[in-house]
Amino acid sequence: MNNITLLVAMAVAALSGYFVGSYSGRDAKEALATAQIAARHAQDEHENTVKLLNERIGKLDSEYAEEKKDNTAHFRKQQQKWADLLASRDRRIVELSGMNNATAAEISRLRTSLQDMPLSAERKQTEQRIADLEKAFTAQQTQIAGLECSKIPVANEMLSKLKGDAL
């Protein structure tokens, strides 16, 4: 009888082991299937994210290239404008120097003619003309000096103050 009880107990244990084992195995299989589905979704999301990022990088690269091209063109235009400005400055210096020489010669001529002139309305007009020419002469010299000054390099610390950084 002990053997029969032992056999029955073993049969019950085997059946319960089979059902319990298959039940827990089924949970593991379901968990694995759920994990595989989640992994596929995560992989799809990853691929989509990488695709979107690559598209964004490509767009940023093309925007950067376009902006760089525009900046280069703008810089070249600025360089040309600067070269034109410097050339016109030099032409203006030559022009003002010529005018200044002519003004000085006119002042000298009028002063010479003034020495022989008696006191009269004509003498006063000549003196007024000399005063006007001296003002013009001084203005021309100031303009020439200012334009000549623009040829001298300026220290970076002064330029930064002019930009408003340190004022």
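The values are calculated or read from the model by the stated rules, or taken from the named source; none is laboratory data. Predicted, not measured: the structure shown is a model, and the values here were computed from it. Please note: Cβ atoms are built from the backbone with ideal geometry, for glycine as well, and neighbour counts cover all protein chains shown.
Side notes on the structure shown:
- Set Thr34, Thr103: member being assigned to a helix (DSSP H, G or I), at pLDDT below 95, among the β-branched types (Val, Ile, Thr) and in contact with a helix residue (DSSP H, G or I) (Cβ under 8 Å, 6 or more places away or on another chain): Thr103
- Among the residues here, Leu167 does not qualify as surrounded by 12 or more Cβ atoms within 10 Å (Cβ to Cβ), at pLDDT below 85 and of a type outside the set (D, E, K, R).
- Hits in segment 86-101 (condition: of a type in the set (Lys, Arg) and either over 16 Å from Lys151 (Cα atoms) or surrounded by 12 or more Cβ atoms within 10 Å (Cβ to Cβ) (or both)): Arg89, Arg92
- Test result for Phe19, out of contact with any Cys (no Cβ under 8 Å at 6 or more places or on another chain), modelled with pLDDT of 90 or more, assigned to a helix (DSSP H, G or I) and not β-branched (Val, Ile, Thr): no
- Note on segment 52-78: among residues that are under 16 Å from the mean Cα position of the chain (by Cα) and either outside any helix (DSSP H, G or I) or of a type in the set (S, T, N, Q) (or both), the one that is nearest to Phe137 (Cα to Cα) is Gln78.
- Pair list, Cβ < 9 Å and 6+ apart or interchain, from segment 59-86 residues that are touching a residue at least 24 places away in the same chain (Cβ under 8 Å) and β-branched (Val, Ile, Thr) to residues that are surrounded by 10 or more Cβ atoms within 10 Å (Cβ to Cβ) and not in a helix (DSSP H, G or I): none
- Members of segment 106-158 found to be within 37 Å of the chain's Cα centre (by Cα) and part of a loop (DSSP other than H, G, I, E, B), listed by number: Ser150, Lys151, Ile152, Pro153, Val154, Ala155
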